[in-house]
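One structure below.
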Amino acid sequence: MTPLAATEPDWDRIPLQRAPRQQRSREKVARALAAASGLVTREGVAALTLPRVAEAAGVSVGALYQYLPDRDAIVRALVAEYHARLEALLENAVVLTRESTPPVDPVGHVIDAVAEVYRDRDVVRTLGTASTGGLIDADRAAHKQRMAEAAARLLHASGLTRDETDATARARVAFLAADAVLHDAFAAPPAAEEQTLQELRLLLRRYLQP
């Protein structure tokens with residue numbers, strides 16, 4: 001079987017039983033994560049067995065076991081990869097806001113960018129409904145905290161808050177509201193998706209008016 005192509009994950013943010021040190025090992029794990037993502041998209045979470053993922057990635061079960069020993073480990077790594085992508089996106093928005101002249105619209109920029117990630121990751125929405133408890137719940141809580149902190153930096157850089165304390169409180173509320181609405185938007189029929197996103201933009205702009 002031809003191995004799948006894969007982008008390089010952020011290894012510092014992907015929880016694995018053992019960290020791959022060599023480039024060859026990293027390539028194997030990256031292919032496995034790409035293969036697992038494809039299996040979830042096509043067949044659902046039940047398809048995520050170690051033998052199936054190893055076969056789809058073109059690696060041996062033994063080589064993969066030391067990094068991703070079971071379904072829970074594979075699911076946790078996939079969700080963490082998605083979280084890292086969202087966090088990088090928000091951090092990039094902070095940098096863009098600080099450096100852009102004239103300033104960008106932070107609400108519109110972030111919602112549009114996050115919407116593209118949500119559209120591109122049907123697999124994570126599937127995993128989100130099937131995976132709860134233990135380490136995954138702890139990972140999600142830590143992810144939400146990092147996102148809220150990045151959102152606070154974005155609000156402060158945009159001049160939308162009075163001070164750091166105000167930025168932190170408002171960013172957490174804004175992020176939690178946006179997260180809930182975005183999940184609902186992409187669970188709805190496509191015709192309702194853009195309308196929901198437009199209402200979210202309006203809601204956040206009104207809430208965040210200085």
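The values are calculated or read from the model by the stated rules, or taken from the named source; none is laboratory data. Fair warning: this is a prediction, and the values are worked out from it, not measured in the lab. Neighbour counts run over all protein chains shown; Cβ positions are idealised from the backbone, glycine included. To get the accessible areas, we keep the full protein, side chains included, count just its heavy atoms, and leave off ligands, DNA and RNA. Shrake-Rupley method; radii C 1.70, N 1.55, O 1.52, S 1.80 Å.
Quick notes on this one:
- Gained length - Asp10 relative to Ala46, 0.36 nm times residue gap less alpha-carbon distance: 10.4 nm
- By accessible area with a 1.4 Å probe, ligands and nucleic acids excluded, highest first: order of Arg31, Arg18, Arg98: Arg98, Arg18, Arg31
- Ligands, DNA and RNA aside, Ser60 has an accessible area near 70 Å² when probed at 1.4 Å.
- Taking 0.36 nm per residue of separation and subtracting the current Cα-Cα distance, fully stretching the chain between Ala180 and Glu91 would add 30.0 nm.
- Of all accessible heavy-atom area on the range 136-210, the percent that carbon and sulfur account for (1.4 Å): 57
- Ordered by solvent-accessible area of protein heavy atoms (1.4 Å probe), largest first, the residues Tyr65, Tyr82, Tyr207 come out as Tyr65, Tyr207, Tyr82.
- Treating r as the C-beta distance of Arg98 and Ala188 and R0 as 41 Å, the FRET efficiency rounds to 0.75.
- Calculated accessible area for the range 11-99 comes out at 48 Å² per residue, all protein chains present (probe 1.4 Å; ligands, DNA, RNA ignored).
- In the range 18-109, Rg over Rh equals 1.16, where Rg is the alpha-carbon radius of gyration and Rh the Kirkwood radius from pairwise Cα distances.
- Length gained on full extension, Glu116 to Ala142: 7.1 nm, using 0.36 nm per residue less the C-alpha separation.
- Sites Gln198 and Asp163 - FRET efficiency at Förster radius 25 Å, r taken between beta-carbons, to 0.05: 0.25
- Relative contact order of the chain, pairs being alpha-carbon contacts under 8 Å that are 6 or more residues apart, as %: 18
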